[in-house]
Amino acid sequence: MSPSRRTALVGPLLVLGYCVINSTKSVLEGSLVQGLSPEFIAFHAFVIAQAVYFFTLPDKAALKTVVRRTLPDMVMLNVSTAVCWIAVLYAFTVFEPAMANSIIIGLGPAITILLGFKLRPGTKVLPLELVAAAAMLAAMGFLLAAAARGSSAIGDLSRGDLVVGVVYCVLTATSLSGITYYTRRLGDAGVSVRQMMASRFVVLIVATLVLMAVRDSFGAYTARNVAAILAISVVGVIISLYLLQQGIVRTEPITVSMLFGTNLLITYVTQFLDPRLHQSGETFAGILVVSAAMCLGTWARWRAGRQEDAGKDDGVDREDDAGKERAAT
């Protein structure tokens, strides 16, 4: 395998590692938000994560220089991160984790494609990626219809709860696409993953602290709550997001969006550990469609990369042959 092909494979594998951790964490968060406010969970998990990332960064002077140089994109990464994590936790208060993640992922590729026209105009979207994005949107519609009928694992939902849940999912999907693009832009500008992580959660921490004060939503520091928040922070944030950041800077944004679909089946299986949920066959069907569409889009991008590499190799061979002919004459 050529070095370029190995590099192309490492990125998706790192994103997949994030998905495995994130799918399990989603179920834990879905259970926690039934008794604790989303902002209480997010504030404590990310205060710990931000402290670890910042204090383990060796060159803080360089970080200050980088933040000044890339301030607009760094601010947007912070804002996207804050909206994403707060919105997804609120989505878990309405939908089961597997359904919420399916809706978010179903929206992701379509939003990524639309944002790409503005943020990365040079990136070409493949026809099969468009097909995959359309299939994900169709699956999302099917899942919402199931939720409206009370066929999800949560059971009956009021129309108001359904609308609010969809709004949270749309906010999460949009901000997730923003995270992908701004991370890639910062990476292209020479910002390292460690520098991004050391400055990424400032807006999130401030926003959740303000929400707790305004809503008076401080929770209890029981042994169970502290242990769960520590697990979310150390494994679900510090480790998993580092894998994700490393994967994003090595992978095209549309491929990242498609790969996020792999955590759905794991989330669905993990939900069996949550006694408040009664698994839904319709949710499982929707997850299968989203996952299949994800595979289609990922395969299309992989195939296009192979063809591009083959074209480059053919071009080099032709130049070598032409050089040999000139040398012979």
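Set the Förster radius R0 to 25 Å, insert the Cβ-Cβ distance between Asp59 and Ala189 as r into 1/(1 + (r/R0)^6), and round the FRET efficiency to 0.05.
The computed FRET efficiency comes out at 0.90.
Here are some values of percent of Cα pairs over 26 Å apart: (i) 49; (ii) 56; (iii) 65. Which one was computed from this structure?
(i)
Given a Förster distance of 35 angstrom, what is the FRET efficiency for Arg303 paired with Val234, based on the Cβ-Cβ distance and rounded to 0.05?
Taking R0 as 35 Å, the efficiency between Arg303 and Val234 is 0.40.
Once neighbouring chains are kept in place and the probe is 1.4 Å, which whole percent of the accessible area of the chain is contributed by carbon and sulfur?
On the way: 10000 of 14880 Å².
Exposed carbon and sulfur together represent 67 percent of the surface.
Rounded, prolate or oblate: which fits the stretch 205-282 when a ≥ b ≥ c are the square roots of the eigenvalues of the alpha-carbon gyration tensor, with rounded for a/c under 1.5 and prolate only if a/b beats b/c?
oblate
Hey, can you find the accessible area per residue of the stretch 71-219 for me, probe 1.4 Å, expressed in square angstrom?
With the other protein chains kept in place, the stretch 71-219 gives 39 Å² per residue.
Long-range amide H contacts for Phe218: which residues qualify at under 5 Å (H placed 1.01 Å from N, peptide plane, sequence gap of 5 or more or a different chain)?
Hits under the 5 Å cutoff: none.
Using the Cα centre as the reference, give the magnitude of the dipole from point charges on the C-beta atoms of the chain (Lys, Arg: +1; Asp, Glu: -1; all else neutral), rounded to the nearest 20 debye.
Roughly 620 debye for the chain.
For the chain, with the dipole built from +1 on Lys and Arg beta-carbon atoms and -1 on Asp and Glu ones, taken about the Cα centre, which of Val167, Leu273, Phe54 lies farthest toward the positive end?
Of the listed residues, the answer is Phe54.
Find the relative contact order for the chain and round it to a whole percent, using C-alpha pairs within less than 8 Å whose residues are 6+ positions apart.
Relative contact order here is 38 percent.
Pop the C-beta distance of Ala285 and Val170 into the FRET formula with R0 = 25 Å and round what comes out to the nearest 0.05.
Calculated transfer efficiency: 0.65.
Multiplying the sequence separation of Leu162 and Leu126 by 0.36 nm and subtracting their Cα-Cα distance, what value in nm do you get? Intermediate results must be reported in sequence, preceding the final value.
Values: separation 36, 0.36 × 36 = 12.96 nm, distance 3.31 nm.
Between Leu162 and Leu126, full extension yields 9.7 nm more.
Report, largest value first, the span of the C-alpha coordinates of the stretch 26-117 along each principal axis, in whole Å.
Projected onto its principal axes, the Cα set of the stretch 26-117 covers 44, 37, 16 Å.
Given the options Ser192, Ala132, Ala110, identify the residue whose Cα lies farthest towards the positive end of the charge dipole of the chain (+1 on Cβ of Lys, Arg; -1 on Cβ of Asp, Glu).
About the Cα centre, the residue reaching furthest to the positive side is Ser192.
Which residues in the stretch 270-303 place their backbone N less than 19 Å from a point set 7 Å from the Cα of Arg224 along the Cα-to-Cβ direction?
271-278
Once both labels are modelled 7 Å past Cα along the beta-carbon direction, what's the Gln34-Ala51 spacing in nm?
3.0 nm
Using the basic label-point model (7 angstrom from Cα toward the beta carbon), what is the Leu265 to Val210 distance in nanometres?
Distance between label points: 4.2 nm.
Relative contact order for the stretch 163-322: what percent, with Cα pairs under 8 Å and sequence separation of 6 or more?
25 percent
Let me know the shape class of the stretch 175-309, please: from the alpha-carbon gyration tensor, a ≥ b ≥ c as square roots of the eigenvalues, rounded when a/c is under 1.5, otherwise prolate if a/b is greater than b/c, or oblate.
oblate
The values are calculated or read from the model by the stated rules, or taken from the named source; none is laboratory data. Treat the numbers as computed from the prediction; the structure is a model and nothing was measured. Using ideal geometry, Cβ is built from the backbone for each residue, glycine included, and neighbour counts are taken over all protein chains shown. Just so you know, the surface numbers come from the protein's heavy atoms only, side chains and all, with ligands and any DNA or RNA stripped out. Shrake-Rupley method; radii C 1.70, N 1.55, O 1.52, S 1.80 Å.
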